[in-house]
Amino acid sequence: MLWRRGNLTLGILLVTLAAWVVFEKSGYTLLSLVSSVLLLLSVILFLWAKSAAILNRPAPPLPELYLSEEMVNEVGAFIRAHVNDFLSTSQDIAMGRDARLFVKVAAYLLLISVIGGLTDFLTLGYTSLVVVLTVPALYERYENYIDSYAITGFRKMQQLYVKFDVKFVNRIRKWILERQKLS
């Protein structure tokens with residue numbers, strides 16, 4: 001529901017646009033920028049702590065960085081469960097148990113490959129953010145028109161599927177049944 005808060009959405013878009021322009025024009029990558037910022041932060045904190053000890057001032061206030069064993073176990077169990085689900089599904093696809101899922105995965109991977117070949121990751125991320133923030137607002141504004149076109153398109157696709165099924169799929173089924181009877 002972020003698009004309903006126009007100022008926040010506009011702010012996010014402008015900050016993201018500024019970051020995209022900086023990355024594109026400077027040639028920086030996200031990894032190099034994060035590394036530089038962390039290096040600068042480390043140097044500042046180190047110098048602050050050393051100068052505070054020399055000048056008898058308080059050290060920089062840092063939160064206690066600690067991971068409890070319980071938190072690590074919960075995160076590990078969560079990750080393990082999702083990785084096991086992913087591996088199980090991958091095995092089903094690889095063993096040919098789920099043909100529909102294989103076709104979906106292959107189509108999505110092909111789509112990602114084609115899109116990835118057309119653009120770099122930063123531009124794709126920015127474009128995706130713009131789409132995610134604008135499409136729901138446009139749908140909400142023109143919902144009736146979009147729904148009527150979608151229903152019309154769905155009905156036409158159903159009619160095309162029935163024609164395709166009658167012309168091709170039924171012939172293949174009959175041919176397979178005849179081959180089985182002859183065998």
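A few notes on this one:
- Taking label points 7 Å from Cα along the Cα-to-Cβ direction, L65 and A53 give a separation of 1.8 nm.
- Helices in the chain that qualify as membrane-span-like (whole DSSP H runs, Cα extent of at least 20 Å along the helix axis, mean Kyte-Doolittle hydropathy of 0.5 or higher) are 6-26, 30-54, 99-118, 121-141.
- Prolate/oblate/rounded label for the chain (Cα gyration tensor, a/c 1.5): prolate
- Computed over the chain: relative contact order in percent, which uses C-alpha pairs under 8 Å that are six or more apart: 29
- Working from the Cα coordinates of region 1-61, the gyration tensor eigenvalues give, after taking √(5λ), semi-axes of 36, 19, 7 Å in decreasing order.
- Cα-only radius of gyration and Dmax that characterise region 57-158, units Å: 22.7, 76
- Residue (of H82, T123, G96) at the positive-pole extreme of the chain, dipole from beta-carbon charges: G96
- Within the listed set K104, K50, K163, the residue fluctuating most in the Gaussian network model of the chain (springs between alpha-carbon atoms under 10 angstrom) is K163.
- Once the chain from A77 to A18 is taken as fully extended at 0.36 nm per residue, the excess over their C-alpha distance is 17.4 nm.
- Cα pair distances exceeding 19 angstrom across region 1-102, given as percent: 76
- Theoretical FRET efficiency, 1/(1+(r/R0)^6), r = Cβ-Cβ of K181 and A99, R0 25 Å, to 0.05: 0.50
- Our note on the geometry: Cα centres of region 31-69 and region 146-169, 62 Å apart.
- Annotation: extensible slack from V135 through T29 equals 35.3 nm (criterion: 0.36 nm per residue apart, minus Cα-Cα distance).
- Positive-end residue, the chain charge dipole about Cα centroid, Cβ charges, pick of L109, W20, Q180: Q180
- Estimated distance in nm for a label pair at S36 and V166, the labels positioned 7 Å out from Cα along Cα-to-Cβ: 6.6
- Within a Gaussian network of the chain (alpha carbon springs, distance under 10 Å), most fluctuating of L109, L45, L67: L67
Every number in this text was worked out from the coordinates using simple rules, so none of it is lab data. Small disclaimer: the values here were computed from a predicted structure and weren't measured. No Cβ is skipped: glycine too gets one built from the backbone with ideal geometry, and neighbour counts run over all protein chains shown.
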